[in-house]
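Chemist: Dumping the structure here so I can ask a few things about it.
Each value in this text was obtained by applying a stated rule to the coordinates, not by laboratory testing. Bear in mind the structure is a predicted one, so any value in this text is a computation, not a measurement. Glycine also receives a Cβ, built like all others from the backbone with ideal geometry; neighbour counts cover every protein chain displayed.
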Amino acid sequence: MDALLSAPTPKQQRERAVFTAEKEARQLERRLLVSPENRTANSAFRRICYLLHSLAQKYVHETPNTFADYTCLLHCTKLLQNLGFKPELNPAVDAAAGNVGVEVIRNSFEYRHLRNKIMASLSIIADLTERPVGNGSDDYRRGMREGYRRASDIAIMFLNDLADGE
């Protein structure tokens with residue numbers, strides 16, 4: 001009868017198991033944080049990130065031919081900073097990494113060049129209504145004029161969007 005009175009209840013057994021598991025988890029966590037091999041792995045990972053970043057800064061410059069690579073470098077810099085890393089940065093990269101976003105892309109040579117080509121193409125399409133329609137029947141010319149008018153309306157809509165910065 002004394003054995004029944006002193007036997008732990010299921011709730012007490014569960015609480016004891018949780019307590020023991022938490023204690024073991026804390027001990028394991030302390031061992032992992034203090035052990036040299038894990039600290040070395042974290043330090044090595046951080047050092048590798050810094051070395052690769054410094055190599056990228058050294059060999060990737062902001063030129064029209066390497067715009068995509070330079071933008072990737074800026075994005076990686078921002079990600080490292082968000083993780084709490086503090087890589088050594090060139091002043092130009094440091095300033096540009098703070099402004100990573102749409103402005104970096106919009107101020108690039110490639111973007112402006114492509115934007116100008118699109119605007120020129122859309123301007124030609126917008127001016128189609130002023131072009132003479134080729135030879136053919138009246139229905140053919142009327143259909144061509146209507147097609148030119150619709151294409152011109154759409155091109156003007158896109159030009160307005162580009163002018164507004166959308």
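Chemist: Rank-order 17-24, 116-123 by packing density, defined as the average count of other C-beta atoms within 10 Å over each peptide's residues, highest first.
Modeler: Listed from highest to lowest mean packing, they are 116-123, 17-24.
Chemist: Distance in nm between label sites at Glu22 and Ile156, each 7 Å beyond Cα in the beta-carbon direction?
Modeler: Placing both labels 7 Å along Cα→Cβ, they lie 7.3 nm apart.
Chemist: So if each residue of separation counts as 0.36 nm, and I subtract the Cα-Cα distance between Glu110 and Arg14, what length gain in nm does that give?
Modeler: Full extension from Glu110 to Arg14 adds 28.1 nm.
Chemist: Still on this model: Can you work out the FRET efficiency for the pair Lys117 and His75, with r the C-beta to C-beta distance and R0 = 35 Å, to the nearest 0.05?
Modeler: Numbers: r = 26 Å, r/R0 = 0.73.
The computed FRET efficiency comes out at 0.85.
Chemist: Between Asp127 and Leu51, what length in nm is gained on full extension when 0.36 nm per residue of separation is reduced by their alpha carbon distance?
Modeler: Working: separation 76, 0.36 × 76 = 27.36 nm, distance 5.46 nm.
That works out to 21.9 nm of additional length.
Chemist: Which of the lysines could a cross-linker span from Lys78 if the Cα-Cα distance has to be under 29 Å and same-chain partners fewer than 8 positions apart are dropped?
Modeler: Filter leaves Lys58, Lys86.
Chemist: Which of the lysines could a cross-linker span from Lys23 if the Cα-Cα distance has to be under 29 Å and same-chain partners fewer than 8 positions apart are dropped?
Modeler: Answer for Lys23, where 29 Å is the Cα cut-off: Lys11, listed by chain and number.
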